[in-house]
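Written out below as structure tokens is the structure these notes cover.
Each value in this text was obtained by applying a stated rule to the coordinates, not by laboratory testing. All values reported here derive from a predicted model rather than from experimental measurement. Virtual Cβ from ideal backbone geometry, glycine too; neighbours counted across all protein chains shown.
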Ligand code: SF4
Ligand code: FES
């Protein structure tokens, strides 16, 4: 691994320094038995033949520990689709990293979960697509998946591992939010992430089927606020508002390449999970360059650091150090220019247009999904 000189640790665009983040998201594979229509993986999925090998992941884990990373989130696709998941968890544990498995759970059985716990797994996050099988199995495009998730969540708690429930919400399951919160409590989860779908990649393809109504979003806020009071000390509730109904954009990833990075199945180091949707940027691989060198010096990581790259209205705005101009992936998806102010911002010239899109699409009756798969998606009527 390259030793970095102090000068090399300075983002060229700004003169500011950016320390290596404490946590990394490792997307071990894009293979997944589920087909969620809002998957955060890119539409062009990495084929299994291009994935990092076991040896490469073990080397990457040692490299991560060496540069000061403390936590690794093991995700996908479905990380359990890799037969070497136990080896990867054990290596991370040996390297002193806290390990969190982000899983759909449907490929796990009790024996495998025991083996992962023995390998030193610290935390499990299970995604749920609804509060009951009818909605959940249809959204995930996987029969009997919901029942399996409940079973696996029970084993997680039996093993004494902390559990987080991931609840990705949209027009077709928001009516089940109260039951999903109750389900998280019943399962003994310590936290639930109520994440409204963000629209890039697969979700952008499915926006007409997923976009919530304004009334649903307001009701969601009310339910979350009431549950936070009722379940204080029992269940922590994280909530991400859908951008299309916000006046100010979120500081996506805490700002581009400021405090987060992930590694794709084929080893690309990315500032966010959707970064490859920005087709005007080139991302580099752990196969070719050290992670620290990519973090500090690569053109893609430095492209949107600081504020000097910003156009108006961000450049002259009092909020530019708070939200960093919003989400670069969303700006690119909606305007074709990754430098543009995120249209989620009320000051963006495109803001009125995205509100109109949200209102129109949420009122549509087109509920059919395009399921996520390696062939670019399958329309729901064909998949059923
Ligand atoms: Fe944030 Fe830019 Fe909007 Fe200001 S103009 S609130 S910096 S996105
Ligand atoms: Fe990529 Fe927001 S998802 S910057």
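Its Cα gyration tensor gives the stretch 249-319 an equivalent ellipsoid. The semi-axes, each the square root of 5 times an eigenvalue, are 24, 12, 11 Å from largest down. Calculated translational diffusion coefficient of the chain (10 °C, 1.306 mPa s; Stokes-Einstein with Kirkwood radius over alpha-carbon pairs) equals 74 µm²/s. The listed peptides 17-25, 88-96, 233-241, ordered by packing as a protection proxy, come out as 88-96, 17-25, 233-241 (highest mean of other Cβ atoms within 10 Å first).
Rg then Dmax, both in Å and based on the Cα atoms of the stretch 134-205: 13.1, 39. From its DSSP helices (H runs of at least four residues, each -39,500 (n - 2.57)), the chain gives a residue-normalised ellipticity at 222 nm of -9500 deg cm²/dmol. Its Cα gyration tensor gives the stretch 145-249 an equivalent ellipsoid; the semi-axes, largest first and in whole Å, are 25, 17, 11.
Between residue 315 and residue 110, the simple spin-label model (points 7 angstrom out along Cα→Cβ) gives 6.4 nm.
Considering the chain as a Gaussian network with a 10 Å cut-off on Cα pairs, which listed residue, 51, 276, 321, attains the greatest mean-square fluctuation? For the chain, modelled as a Gaussian network with Cα springs under 10 Å, the answer is 321. Using 1/(1 + (r/R0)^6) with R0 = 30 angstrom and r between the beta carbons of residue 179 and residue 158, what's the FRET efficiency to the nearest 0.05? The formula returns an efficiency of 0.85 here. Shown for 199, 245: other C-beta atoms within 10 Å of each C-beta, ranked fewest to most, produce the order 245, 199. Per Stokes-Einstein, at 4 °C and 1.567 mPa s, what whole-number D in µm² s⁻¹ belongs to the stretch 252-292, with the Kirkwood radius over Cα pairs as the hydrodynamic radius? Rounded to a whole number, D works out at 122 µm²/s. Here the stretch 228-349 has an Rg and Dmax of 16.0, 51 Å, counting Cα atoms alone. Note on the stretch 278-384: Cα Rg divided by 2.2 N^0.38 Å, N the number of residues, gives 1.40. Using only Cα positions of the stretch 77-200, each an equal point scatterer, no hydration layer, compute I(q)/I(0) via Debye at q = 0.16 Å⁻¹ and quote the log10 values to two decimals. For the requested q values the scattering log ratios are -0.76. Note on the chain: with a GNM built from Cα contacts shorter than 10 Å, the maximum mean-square fluctuation among 296, 319, 73 falls on 319.
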